[in-house]
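The values are calculated or read from the model by the stated rules, or taken from the named source; none is laboratory data. These numbers were taken from a predicted model, which means no experiment stands behind them. Quick reminder, even Gly has a Cβ in these numbers, built from the backbone with ideal geometry, and neighbours come from all protein chains shown.
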């Protein structure tokens with residue numbers, strides 16, 4: 001069984017906070033900039049032939065803005081300790 005993260009434990013104990021976060025996330029994700037960002041990545045994924053085929057690959061931004069294919073697990077986990085990016089060159 002997978003252990004719950006500290007954040008998940010917090011939201012389990014605080015349903016009002018979870019509702020607030022869900023409302024914020026909904027607003028954030030429907031902002032035109034975020035929609036355009038997702039559209040760009042989805043388009044690149046389709047062009048690379050990895051969209052929806054279950055290969056667990058994502059298109060990932062490099063430091064210089066180039067898009068490269070990468071494991072979705074590595075790409076989505078790259079927040080870095082203390083908010084410091086470990087983004088590849």
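Computed values, structure above
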| read-out | value |
| --- | --- |
| Identity of the residue in segment 65-76, out of contact with any strand residue (DSSP E or B) (no Cβ under 6 Å at 6 or more places or on another chain) and at pLDDT below 85, that ends up surrounded by the fewest Cβ atoms within 10 Å (Cβ to Cβ) | 65 |
| Verdict on residue 7 being surrounded by 11 or more Cβ atoms within 10 Å (Cβ to Cβ) and on the phi < 0 side of the Ramachandran plot | no |
| In segment 21-54, the residues that are touching a helix residue (DSSP H, G or I) at 6+ places or on another chain (Cβ under 9 Å), at negative phi and loosely packed, with under 13 Cβ neighbours inside 10 Å | 28, 29, 34, 35, 38 |
| Pairs with Cβ under 6 Å, 6+ apart, first in segment 49-61 and closer than 16 Å to residue 76 by Cβ, second at pLDDT below 85 and outside any strand (DSSP E or B) | 58/75; 60/75 |
